[in-house]
Amino acid sequence: MVQAPVRTTNGAQEAASKASTRRRLSMAAIGGLIAAFGLDLFLVPSGIIAGGVTGISALASHLTGLHTGMFLFALNLPLLLVAYRRSNREKAVIATVGLLTFSVCSILFFPIPALIDSKIGSAGIGGIFLGLGIGIGLRYGVVLDTLQMPKIPQQLSQLLTRLKLPYVHIMINLLVLTLAGLLLGWERAMYSAIACLMALETGRVTTSSLPLKREVRIRSISEAEIRHTMKAIMGYDPQSAHAKGEGANHGDAAHSQQLVYRVHILEMPRFKSIVFSLDPNAEITIIQK
């Protein structure tokens with residue numbers, strides 16, 4: 001009688017663990033697919049290098065004519081062994097699935113010509129897809145490109161620190177872009193730099209746990225006018241917990257009020273411009289949560 005609930009609980013935990021593993025495996029494969037889509041349908045056919053191990057693989061592909069995926073797997077594998085030498089078997093399997101999907105899809109996409117003719121378009125779109133795929137992989141514990149990541153795995157970071165080369169990944173990216181300029185031309189190197197920046201920024205946003213909205217606190221003597229204008233133009237209401245406001249230390253401090261809004265990061269410039277147009281002396285504080 002006592003053991004039955006324990007078995008039920010253990011069974012539920014085991015089922016949840018298996019479901020989590022299946023989800024991570026699926027997302028690892030999706031990340032690899034998206035990264036290969038951006039690399040071999042936009043960047044490689046246009047002669048654009050994205051930096052990192054991916055860029056080295058693409059550069060080697062341009063020079064040899066071999067599939068990019070072959071170099072991806074060969075160059076990432078040793079770095080994966082370094083990064084995951086102390087990881088458990090589950091992480092190793094998930095990492096292998098992500099890397100294999102990335103490499104195999106890259107091989108399958110390799111003969112297909114670029115989807116668009118524009119170099120700048122290929123650099124931007126390809127960089128975004130590549131960074132998105134790498135970022136999705138990182139969120140689920142998969143390293144698709146060790147040198148093209150917003151954050152280096154802990155084990156590799158410790159190794160580089162002991163070697164007194166904490167920024168070696170940045171140096172390698174610069175070296176890859178320089179080689180691209182020497183071998184492929186500086187115009188392509190410029191597009192490659194754009195693709196590299198887009199991939200890094202997209203990967204950073206994808207792996208970031210920060211919300212898309214920020215808490216914004218406004219102190220102003222024009223509290224009523226700001227409240228009315230924000231509601232009319234942007235549809236924003238102040239948070240009820242802070243709607244009454246409190247005193248401030250600028251201007252007419254006794255009449256200054258505080259408003260608190262939740263503002264989307266893409267609307268932040270417009271939000272600020274409206275506030276300052278109503279009260280140039282308003283104090284705006286953005287809370288990072």
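The values are calculated or read from the model by the stated rules, or taken from the named source; none is laboratory data. Keep in mind that what you see is a predicted model, and the values were worked out from it rather than measured. In this analysis, Cβ positions are derived from the backbone assuming ideal geometry, glycine residues included, and neighbour counts consider all displayed protein chains. Side chains included, ligands, DNA and RNA excluded: accessible areas come from the protein's heavy atoms. Shrake-Rupley method; radii C 1.70, N 1.55, O 1.52, S 1.80 Å.
Data overview
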| quantity | calculated |
| --- | --- |
| Members of segment 106-131 that are at pLDDT below 90, open to solvent by 10 Å² or more (accessible area, probe 1.4 Å) and touching a Ser or Thr at 6+ places or on another chain (Cβ under 7 Å) | PHE110, ALA114, ILE116, LYS119 |
| Complete set of residues in segment 259-289 that are hydroxyl-bearing (Ser, Thr, Tyr) and either loosely packed, with under 15 Cβ neighbours inside 10 Å or out of contact with any strand residue (DSSP E or B) (no Cβ under 6 Å at 6 or more places or on another chain) (or both) | SER273, SER277, THR285 |
| Output for segment 211-240, where each listed residue is farther than 10 Å from LEU259 by Cα and β-branched (Val, Ile, Thr) | ILE221, THR229, ILE233 |
